[in-house]
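A quick write-up on the structure given underneath.
The values are calculated or read from the model by the stated rules, or taken from the named source; none is laboratory data. Since the model is a prediction, treat every value here as computed from it, not as a measurement. So basically every Cβ, Gly included, is an ideal-geometry build from the backbone, and we count neighbours across all protein chains shown.
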Amino acid sequence: MDNTNNKQQDQEMEDYQIRQNKKFIVGKKIILFIAITNIIMSILTAILNFNIITLIIQITFSIILISGITWVRYLFVFGAVINIIFIFYILTGLNYEFFLPVWAIIILLIDLTYSIACSILLLFNECVSEYIYAKNSRSRL
């Protein structure tokens with residue numbers, strides 16, 4: 001009886017570890033996607049605006065996000081929320097100084113969707129939380 005309980009507990013522990021590893025891998029993929037997208041967009045922006053300082057800062061924050069630092073996660077969320085507000089401001093016509101061409105509206109809608117998805121994933125996704133927790137736990141050892 002005791003041997004059966006130990007085997008069952010071992011199996012449950014193994015199953016738990018497998019689930020946690022899967023969450024870690026999915027969380028890592030989400031974080032990598034967000035960070036790499038941020039780097040690519042920063043490079044494009046730097047080429048258009050000739051702003052190398054912003055590029056260096058964005059690349060640094062992306063690397064820090066990948067390394068699992070919690071406060072950068074919330075900094076990315078804050079930036080995405082500010083972007084969402086700004087895009088809503090432009091799209092709702094509160095700024096009547098100019099009219100946007102259709103291609104610009106499409107780009108803004110894609111950016112809006114991306115910002116909303118990033119905010120939700122970084123704040124509420126269990127896999128992202130597991131990835132950040134695991135990276136923080138490993139760095140403290």
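What to note about this one:
- Of all residues in segment 114-134 being farther than 10 Å from ALA80 by Cα and hydroxyl-bearing (Ser, Thr, Tyr), the one that is surrounded by the most Cβ atoms within 10 Å (Cβ to Cβ): TYR131
- Filter pass, SER137 being closer than 27 Å to SER67 by Cβ and surrounded by fewer than 17 Cβ atoms within 10 Å (Cβ to Cβ): yes
- All of (1) farther than 26 Å from ASN21 by Cα; (2) touching a Leu at 6+ places or on another chain (Cβ under 8 Å); (3) not acidic (Asp, Glu) hold for ILE59 with one exception: (2).
- Which numbered condition ARG19 misses (of (1) over 17 Å from LYS135 (Cβ atoms); (2) touching a Ser or Thr at 6+ places or on another chain (Cβ under 9 Å)): (2)
One line per residue, one yes/no per condition, for (1) at pLDDT 90 or above; (2) over 16 Å from the mean Cα position of the chain (by Cα); (3) of a type outside the set (Asp, Glu):
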residue: ASN6; (1), (2), (3): no, yes, yes
residue: ASN51; (1), (2), (3): no, yes, yes
residue: ASN83; (1), (2), (3): yes, no, yes
residue: ILE87; (1), (2), (3): yes, yes, yes
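- Screening segment 61-96 for residues that are free of Cβ contacts under 8 Å to residues at least 12 places away in the same chain and of a type in the set (Gly, Ala, Ser) and picking the one that is farthest from LYS28 (Cα to Cα) gives GLY93.
- Selection within segment 98-130 - among the small types (Gly, Ala, Ser) and in contact (Cβ under 8 Å) with a residue 24 or more places away in the chain: SER115, SER119, SER129
- Residue within segment 1-15 that is surrounded by 12 or more Cβ atoms within 10 Å (Cβ to Cβ) and either in contact with a helix residue (DSSP H, G or I) (Cβ under 9 Å, 6 or more places away or on another chain) or of a type in the set (Lys, Arg) (or both) present: no
- The condition of being surrounded by 12 or more Cβ atoms within 10 Å (Cβ to Cβ) and farther than 25 Å from ILE110 by Cα holds for only one of LYS23, LYS28, that being LYS23.
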